[in-house]
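Chemist: Can you keep this structure in mind? I'll have questions shortly.
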Amino acid sequence: MKQACNLASALAAALIATTAANCVAQDYPNRAVRVIVPSSPGGGTDILTRRLTPGLSQRLGQQVVVDNRPGAGSMIGNELAAQAAPDGYTLLMGISTVTILPSTRKSVPYDVLTDLAPITQAVAAPNILIVHPSLPVKTVRGLIAFARQRPGELNYASAGNGTNPHLAMALFLNMTGLKMTHIPYKGLGPALVEVIAGQVVVLSGTMLSSLRHVKSGRLRGLATTGATRSSVLPELPTVDQAGVKGYEVTQWYGLFVPTGTPKGIIDKLHGAAIDTLHAERAKFAADGVETVGNTPEQFAHVLRTEIAKWAKVVKAAGIKPR
């Protein structure tokens with residue numbers, strides 16, 4: 001009899017919890033929602049998020065605001081999101097760097113697989129291998145030959161230690177045997193400013209933040225980093241086609257909420273995100289960006305795969321955790 005009562009009590013508690021969660025989800029959202037961008041204004045993550053927030057606001061019926069929290073290679077913003085209340089009012093626009101940091105940092109104050117719940121992978125795009133126009137090279141082979149004669153003299157910018165632009169260049173240097181000096185910044189926006197000014201001469205820049213500068217001639221694109229040529233820069237080969245066989249790096253962006261967020265809220269956010277991504281698909285394509293919009297389960301699989309991949313790259317490149 002006692003066991004039966006305990007079972008009945010447990011079932012009743014579960015029913016009450018489920019009912020409460022459903023009520024919360026039905027009422028959600030009833031105030032503004034913020035999306036944490038773990039990088040500075042002007043970078044690809046910021047550009048993407050600000051393009052999506054009007055559509056998300058329309059579909060959720062509440063204002064969706066951008067909260068830039070750059071620093072520590074995106075860890076500051078990621079940690080802030082992971083520690084937020086799991087109520088659907090704090091989202092994170094995560095970037096592929098989130099799967100690199102476990103291999104490049106001795107201590108990461110959150111676990112992307114357990115402290116953050118995936119909503120959807122939003123988009124993916126290759127980077128562009130860029131040089132300042134003052135550098136007398138116009139091809140990847142030209143850059144390799146020029147840098148080989150000046151070991152350690154050329155500098156390259158990144159969005160911070162352990163970020164995708166950093167690892168993209170580290171992989172390039174490892175595969176070509178070149179040596180350059182790494183100059184990390186607090187986000188790709190500041191890095192681009194310095195490269196445009198000629199203070200730093202090489203960068204693996206994200207498509208969203210760098211394309212317009214390559215198109216305008218302010219920066220010189222040598223190659224794209226994906227598996228195939230970009231439809232918006234068809235004149236540029238991939239790094240693999242340019243002679244660095246097997247080289248491939250892409251940057252992706254995706255939405256997360258803190259773990260523990262009710263499933264009903266995640267479902268609402270997923271639906272709003274998918275509808276917004278579909279509405280923006282043509283604009284993203286014009287910028288050389290592929291719209292993804294997968295399920296939370298599919299996105300979780302991407303995370304696990306990327307963590308394993310970057311762990312191998314970091315080891316092969318000889319990068320020591322900081």
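Chemist: Write down the accessible area per residue of the range 128-202 in Å², having rolled a 1.4 Å probe over the full set of protein chains.
Modeler: Values: 2940 Å² over 75 residues.
Here the per-residue accessible area is 39 Å².
Chemist: Tell me, what % of the accessible area of the range 96-237 is carbon and sulfur with a 1.4 angstrom probe? If you can, show how the numbers build up before the last one.
Modeler: Values: 2680 of 5200 Å².
After summing per-atom areas, the C and S share lands at 52 percent.
Chemist: I would also like to ask the following. Return the long-range amide H neighbours of SER158 (sequence gap of 5 or more, or a different chain), with a cut-off of under 5 Å between placed amide H atoms.
Modeler: ILE183, TYR185
Chemist: What's the ranking of 241-254, 145-158, 304-317, 37-50 by average number of surrounding C-beta atoms within 10 Å, highest first? Spell out each step's value before the answer.
Modeler: Values: 241-254: 19.1, 145-158: 16.4, 304-317: 14.6, 37-50: 24.7.
Highest-to-lowest ranking by the protection proxy: 37-50, 241-254, 145-158, 304-317.
Chemist: Further question on the same structure: What net charge do the residues around LYS179 carry, taking every other residue with its C-beta under 14 Å from that of LYS179, with Lys and Arg at +1 and Asp and Glu at -1? Please list the in-between numbers first.
Modeler: Working: positive: ARG148, ARG150; negative: GLU153.
Around LYS179, the surrounding residues sum to +1.
Chemist: Helix-only estimate, please: 222 nm mean residue ellipticity of the chain, summing -39500 (n - 2.57) across DSSP H runs of length 4 or more and dividing by its residues, to the nearest 500.
Modeler: Values: 10 runs with 142 residues, N = 322.
Only helices count here, giving -14500 deg cm²/dmol.
Chemist: Which of the aspartates and glutamates could a cross-linker bridge to LYS312, judged by Cα under 18 Å and excluding same-chain residues fewer than eight apart?
Modeler: Once the sequence-local aspartates and glutamates are set aside, what remains near LYS312 is GLU248.
Chemist: If you roll a 1.4 Å probe over the heavy atoms of the protein chains, what accessible area per residue do you get for the range 248-300, in Å²?
Modeler: Values: 2130 Å² over 53 residues.
I get 40 Å² per residue for the range 248-300.
Chemist: What does the charge count around ARG51 come to, taking other residues whose C-beta lies under 13 Å from its C-beta (Lys +1, Arg +1, Asp -1, Glu -1)?
Modeler: With Lys, Arg at +1 and Asp, Glu at -1, the neighbours total 0.
Chemist: How much length, in nm to one decimal, is gained on full extension between ASN155 and ARG105, taken as 0.36 nm per residue of separation minus their Cα-Cα distance? Write out the running numbers ahead of the final one.
Modeler: On the way: separation 50, 0.36 × 50 = 18.00 nm, distance 2.23 nm.
Result for the pair: 15.8 nm of gain on full extension.
Chemist: I've got another one for you. Among the listed pairs LYS106/LYS179; LYS138/LYS215; LYS138/LYS283, give every one whose C-alpha distance is greater than 18 Å. If you can, show how the numbers build up before the last one.
Modeler: On the way: LYS106/LYS179 24 Å; LYS138/LYS215 15 Å; LYS138/LYS283 29 Å.
Beyond 18 Å between Cα atoms: LYS106/LYS179; LYS138/LYS283.
Chemist: Can I ask one more? Computed from these coordinates, which is percent of Cα pairs over 36 Å apart: (i) 22; (ii) 19; (iii) 32?
Modeler: Matching the structure shown: (i).
Chemist: Order of 216-222, 100-106, 188-194 by packing, highest average Cβ count within 10 Å first?
Modeler: On the way: 216-222: 16.4, 100-106: 18.9, 188-194: 23.4.
In descending order of packing, they fall as 188-194, 100-106, 216-222.
The values are calculated or read from the model by the stated rules, or taken from the named source; none is laboratory data. These numbers come from a predicted model, not from an experiment. Heads up, the Cβs are rebuilt from the backbone with ideal geometry, glycines too, and the neighbour counts pull from every protein chain shown. Areas reflect the complete protein model, heavy atoms only, side chains present, ligands, DNA and RNA absent. Shrake-Rupley method; radii C 1.70, N 1.55, O 1.52, S 1.80 Å.
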